[in-house]
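The block underneath contains the structure these notes are about, expressed in structure tokens.
What follows is calculated from the coordinates using simple rules that are stated; it is not laboratory data. Computed from a predicted model, the values in this text were never measured in an experiment. Here the Cβ positions follow ideal geometry from the backbone for every residue, glycine too, while neighbour counts run over all protein chains shown.
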Amino acid sequence: MNHMNPLPPASASLPLELADPILACIVHLVAVSSRWNPAAIAHPLNTIARSLAPLATEAALMHLPHIDLDTATKVGNVELLRFMHKWSRQPGGRPINYKSTLDVAMEVGHVEVLDWWMDESQLLLNWHAPSLELTCRQGHVCVLEWWQGRGFPHLDKVSIQACIREASVAGHMHVLEWLLVHLPGGEFAAGARVIEHMVLEHVAQEGHVGVLEWWYSKAGMGLVEMLPLGKVVLGGMKGAHVQVLEWCEQYPESIKQANGLLVNNQMHVLMHAVNGKLLDWIDRLGIIISNLEYWHASEAACRNGDLFAIQWLHRKGFLVGSRSQLLSLAVGAVTGDDLGVLEWIQAMWT
């Protein structure tokens, strides 16, 4: 071989008008031989551009009936959406099928797909509040900007409340900031006023200290009304997030509100402190414990086989239950020959 003068690359030996039907036949054969494995069926389609192989694409779609407009929307393939839509209007074409396209597109953040549905498809769409909830849950500001560019269609109090809630619980401060700045006419503040009081509990349970700080700082600026802080401690205990409890320690108002709820038996935290190994924080924060919490905390400590928690509850006078009750709860937590918990409970009633 003459390396100084390499041979020119071979030209295509198969015209595209023949390649497409041959690929379609290959797709049929692969579908049967692979027992309709989606990856195997799709593999021949990668040979040439999809737009140049309509027959092969149709063959693949006939073998993959679950691939519908929702699927194409989820993967963000506008070309496939156009192909399936056009094919459905032709004789013998496969009918289109879709269910929750806007929800899917907003959840994954495909703005170009949203444009296709709104401007090109001319298909019936079902737009409702959960579509925007999904957007905020996933943190897709690009979709919110698209929504703004469309003039905020379907803007209502229910959808605003849902957006604020989902962005908060998901920890997306950038979404909260966008909603605060861009929603028209003070809609954010109005929505925040009627949002569920448990939102910050869920935020705390997820450990999103940044979101707690965001709400507190914006309320301090007078931009929003501060949401109730009473259940932030509960959320921190449920999620076992020390950083949330440290935040509460910095903001005594949250502890004051929490104790107000605890005194009125509107929430219980001791069992969650046992489960999260956070009993030291009961004293550190000055949490008030009612006798209605004693049994559930004692039960949790014994079920967990947590000798430290059992002894802590005993010192505080919070450990309740008969010896047989506590032993029957603790026996399930025994592993190997570690009988320390059982021996301690037995000794206390000897």
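Please report the relative contact order for the chain, taking Cα pairs under 8 Å with a sequence separation of at least 6, and give it as a percent rounded to a whole number.
After rounding, I find 7 percent.
Report the rotationally averaged projected area of segment 181-223 based on its alpha-carbon convex hull, in square nanometres.
Average of the hull's projected areas for segment 181-223 equals 3.3 nm².
On alpha-carbon atoms, Rg over Rh for segment 290-349 using Kirkwood Rh?
Checking Rg against Rh, the ratio lands at 0.94.
So, counting K/R as plus one and D/E as minus one, what does the shell of residues with Cβ under 14 Å around ASN259 add up to?
Around ASN259, the surrounding residues sum to -1.
In the neighborhood of TYR98, defined by Cβ-to-Cβ distances under 12 Å, what is the net charge if each Lys or Arg adds +1 and each Asp or Glu adds -1?
-1
I'd like the orientation of helix 173-182 relative to the chain: the angle between its Cα long axis and the longest Cα principal axis, in ° from 0 to 90, rounded to 10.
Computed tilt is about 70 degrees.
Where does helix 157-170 land angle-wise versus the long Cα axis of the chain, in degrees 0 to 90, nearest 10?
Value to nearest ten degrees: 80.
Just rank ASP68, ASP283, fewest to most, by other beta-carbon atoms within 10 angstrom.
Listing ASP68, ASP283 from fewest to most nearby Cβ atoms yields ASP283, ASP68.
Report the local net charge at ALA72: Lys and Arg +1, Asp and Glu -1, summed over other residues whose C-beta lies under 10 Å from its C-beta.
-1
State, to one decimal in nm², a quarter of the convex hull surface area for the C-alpha atoms of the chain, i.e. the direction-averaged projected area.
Average of the hull's projected areas for the chain equals 31.5 nm².
Which of the residue pairs LYS99/LYS218; LYS157/LYS231; LYS99/LYS231; LYS218/LYS316; LYS99/LYS238; LYS157/LYS277 have a Cα-Cα distance greater than 32 Å in the structure shown?
LYS99/LYS218; LYS99/LYS231; LYS218/LYS316; LYS99/LYS238; LYS157/LYS277
Based on alpha-carbon centroids, what's the gap between segment 87-129 and segment 251-301 in Å, whole number please?
50 Å
Compute the helix-to-body angle for 16-33: its Cα long axis versus the longest principal axis of the chain, expressed 0 to 90° and rounded to tens.
Long axis of 16-33 versus the principal axis of the chain: about 50 degrees.
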